[in-house]
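Heads up, the thing below is written out as C-alpha coordinates.
The values are calculated or read from the model by the stated rules, or taken from the named source; none is laboratory data. As the structure is a computational prediction, the values presented were derived from the model and not from experiment. Neighbour counts run over all protein chains shown; Cβ positions are idealised from the backbone, glycine included. Please note that ligands, DNA and RNA were not included when accessible areas were found on the heavy atoms of the full protein model with its side chains. Shrake-Rupley method; radii C 1.70, N 1.55, O 1.52, S 1.80 Å.
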Amino acid sequence: MSKQLVKCSVDMSNTSEYLYAHVDLDGVQVGPGDEVLVHDPITEISFGEVLSYQRTATVSKAGWLSRLWVYLTARLEITLLYEVSFSTTRFSQAKKYPRVRSVAHAQPLIVTKGIEV
(Lines give C-alpha, C1' and ligand atoms only; values in the text may rest on other atoms or scores of the structure.)
Protein backbone atom coordinates (compact mmCIF):
# COMPACT_ATOMS: atom_id res chain seq x y z
CA MET A 1 0.00 0.00 0.00
CA SER A 2 1.56 3.29 -1.08
CA LYS A 3 1.02 6.47 0.96
CA GLN A 4 0.90 10.02 -0.32
CA LEU A 5 0.56 13.34 1.52
CA VAL A 6 -1.78 15.77 -0.30
CA LYS A 7 -3.56 19.05 0.36
CA CYS A 8 -7.33 18.95 0.64
CA SER A 9 -10.27 21.25 1.17
CA VAL A 10 -13.02 20.35 3.62
CA ASP A 11 -16.55 21.73 3.36
CA MET A 12 -18.99 21.20 6.24
CA SER A 13 -22.55 22.32 6.87
CA ASN A 14 -24.97 21.83 9.77
CA THR A 15 -28.09 23.79 8.88
CA SER A 16 -31.80 23.02 8.75
CA GLU A 17 -31.41 22.44 5.01
CA TYR A 18 -28.07 20.60 4.78
CA LEU A 19 -25.95 18.29 6.92
CA TYR A 20 -22.75 17.23 5.16
CA ALA A 21 -18.97 17.02 5.25
CA HIS A 22 -17.09 16.82 1.93
CA VAL A 23 -13.37 16.35 1.37
CA ASP A 24 -11.86 17.31 -1.99
CA LEU A 25 -8.35 16.01 -2.55
CA ASP A 26 -6.01 18.11 -4.71
CA GLY A 27 -4.94 16.04 -7.72
CA VAL A 28 -5.62 12.56 -6.33
CA GLN A 29 -8.29 10.08 -7.39
CA VAL A 30 -9.40 7.47 -4.84
CA GLY A 31 -10.79 4.06 -5.70
CA PRO A 32 -12.12 0.95 -3.96
CA GLY A 33 -9.98 0.03 -0.97
CA ASP A 34 -8.11 3.34 -0.77
CA GLU A 35 -8.00 5.09 2.61
CA VAL A 36 -7.98 8.84 3.31
CA LEU A 37 -6.91 10.30 6.67
CA VAL A 38 -7.49 14.05 7.12
CA HIS A 39 -4.99 15.55 9.55
CA ASP A 40 -6.30 17.83 12.34
CA PRO A 41 -9.95 17.87 11.20
CA ILE A 42 -12.63 20.01 12.79
CA THR A 43 -15.07 17.47 14.20
CA GLU A 44 -17.69 19.69 15.82
CA ILE A 45 -19.80 22.26 14.03
CA SER A 46 -22.59 24.27 15.63
CA PHE A 47 -26.11 24.29 14.24
CA GLY A 48 -26.53 26.89 11.51
CA GLU A 49 -22.82 26.95 10.69
CA VAL A 50 -21.17 26.38 7.30
CA LEU A 51 -17.37 25.90 7.22
CA SER A 52 -14.72 25.64 4.51
CA TYR A 53 -11.08 25.08 5.41
CA GLN A 54 -7.80 23.64 4.10
CA ARG A 55 -5.96 20.67 5.59
CA THR A 56 -3.48 17.98 4.57
CA ALA A 57 -4.47 14.35 4.16
CA THR A 58 -2.66 11.04 3.83
CA VAL A 59 -3.98 8.90 0.99
CA SER A 60 -3.14 5.20 1.20
CA LYS A 61 -3.60 3.49 -2.15
CA ALA A 62 -4.75 -0.13 -2.01
CA GLY A 63 -2.95 -2.89 -3.89
CA TRP A 64 -4.64 -4.73 -6.72
CA LEU A 65 -5.66 -7.66 -4.49
CA SER A 66 -7.23 -5.39 -1.83
CA ARG A 67 -8.94 -3.36 -4.54
CA LEU A 68 -10.43 -6.52 -6.08
CA TRP A 69 -11.52 -7.83 -2.67
CA VAL A 70 -13.30 -4.57 -1.77
CA TYR A 71 -14.93 -4.41 -5.20
CA LEU A 72 -16.30 -7.96 -4.91
CA THR A 73 -17.44 -7.79 -1.28
CA ALA A 74 -19.09 -4.40 -1.77
CA ARG A 75 -21.27 -5.94 -4.48
CA LEU A 76 -22.33 -8.69 -2.08
CA GLU A 77 -22.87 -6.42 0.93
CA ILE A 78 -25.26 -4.13 -0.94
CA THR A 79 -27.80 -6.96 -0.76
CA LEU A 80 -28.06 -6.31 3.00
CA LEU A 81 -29.85 -3.07 2.15
CA TYR A 82 -32.51 -4.65 -0.07
CA GLU A 83 -34.96 -5.38 2.73
CA VAL A 84 -34.96 -2.31 4.93
CA SER A 85 -38.26 -1.30 6.41
CA PHE A 86 -39.48 0.77 9.31
CA SER A 87 -42.89 -0.85 9.39
CA THR A 88 -44.13 -3.79 11.48
CA THR A 89 -45.02 -5.81 8.36
CA ARG A 90 -42.64 -8.54 7.28
CA PHE A 91 -42.37 -8.72 3.49
CA SER A 92 -39.96 -11.63 3.15
CA GLN A 93 -41.03 -15.13 4.10
CA ALA A 94 -37.52 -16.51 3.52
CA LYS A 95 -35.98 -15.08 6.68
CA LYS A 96 -37.33 -15.86 10.11
CA TYR A 97 -37.10 -12.59 12.00
CA PRO A 98 -37.51 -12.61 15.78
CA ARG A 99 -40.84 -11.17 16.83
CA VAL A 100 -41.35 -9.23 20.04
CA ARG A 101 -44.17 -10.82 21.98
CA SER A 102 -46.65 -8.59 23.71
CA VAL A 103 -46.40 -8.47 27.50
CA ALA A 104 -49.92 -9.90 27.98
CA HIS A 105 -49.12 -13.10 26.03
CA ALA A 106 -45.47 -13.54 27.02
CA GLN A 107 -44.39 -16.68 28.84
CA PRO A 108 -42.32 -16.11 31.98
CA LEU A 109 -38.62 -16.83 31.56
CA ILE A 110 -37.10 -18.91 34.34
CA VAL A 111 -33.31 -18.93 34.63
CA THR A 112 -31.67 -21.53 36.84
CA LYS A 113 -27.90 -21.49 37.24
CA GLY A 114 -27.39 -19.73 33.90
CA ILE A 115 -29.57 -22.20 31.95
CA GLU A 116 -32.86 -21.05 30.43
CA VAL A 117 -35.79 -23.33 31.24
Exercise for the section: For S16, tell me the accessible area in Å² from a 1.4 Å probe, rounded to the nearest 10. Expected result: 110 Å²
Handout entry: ³J(HN,Hα) computed for each position of the stretch 19-32 - Karplus, 6.51 cos²θ - 1.76 cosθ + 1.60, integer Hz, glycine/proline x
Key = 9, 7, 9, 10, 10, 10, 8, 7, x, 10, 9, 10, x, x
Handout entry: Projected label distance in nm at T15 and S66, using a 7 Å step from Cα toward the beta-carbon
Key = 3.8 nm
Completion exercise
Dividing the alpha-carbon radius of gyration of the stretch 1-82 by 2.2 N^0.38 Å, where N counts its residues, gives 1.33
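Working out 0.36 nm times the residue gap between L25 and S2, then minus their Cα-Cα distance, what length gain in nm do you get to one decimal? Can you show the working numbers first?
On the way: separation 23, 0.36 × 23 = 8.28 nm, distance 1.62 nm.
The L25-S2 span can extend by a further 6.7 nm.
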Problem - chymotrypsin sites (Phe, Trp or Tyr not before Pro) within the stretch 1-64: DSSP coil, no more than 12 neighbouring Cβ in 10 Å - result: Y18, F47
